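S.K.: Before we start, here is the structure in question, set down as structure tokens.
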């Protein structure tokens, strides 16, 4: 994985950015990370493809922003007659608000069931003091259980995450309630009061692998 390289890269950044460690990023270049949709890299690149179970994959990022928001979404690859500018992204989960520096591991991030067996691009957008930053990964939606959490996918000490739910009540779903269906289907949720992400959410919500 890119973890060691990412940590070395972040240590030398002149401005605060983030690195997508898992799934494997299509590419990272500090000076281009503000270029949509994939930080200056071609979103249709398939040099390294990660299978993403629709039951829930995982995302590991390393951030040097003390506070930011992440948007996590995906788009099906265009056909041979369509250019990458026509990609249509759908949100996989509500916006995640991160506080603290370092490593953040999000697990149980659902795919879109109707896209099972299809090639897609995963887009992670960080919004912080220096604007929007973009990273992408080549993925393929698959069947099967949620992805196992590797030992390196952990949260740094002191880092926390909450999500901005589009639930009318503003409360987060728990293991006894349904997951946020509209967001999982790609709707653009409104920003509501923050609610903590709990480690025992159902797979269609976000779970955090705490240290």
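Please treat every number below as a calculation from the coordinates, not as lab data. All values derive from a computational prediction rather than experimental measurement. Neighbour counts run over all protein chains shown; Cβ positions are idealised from the backbone, glycine included.
S.K.: Calculate the spin-label point distance for residue 67 paired with residue 143, positioning each point 7 Å from the Cα along the beta-carbon direction, and give it in nanometres.
M.R.: It is 4.6 nm.
S.K.: What's the FRET efficiency of residue 129 with residue 45 using the Cβ-Cβ distance as r and R₀ = 30 Å, to the nearest 0.05?
M.R.: That pair, residue 129 with residue 45, gives E of 0.55.
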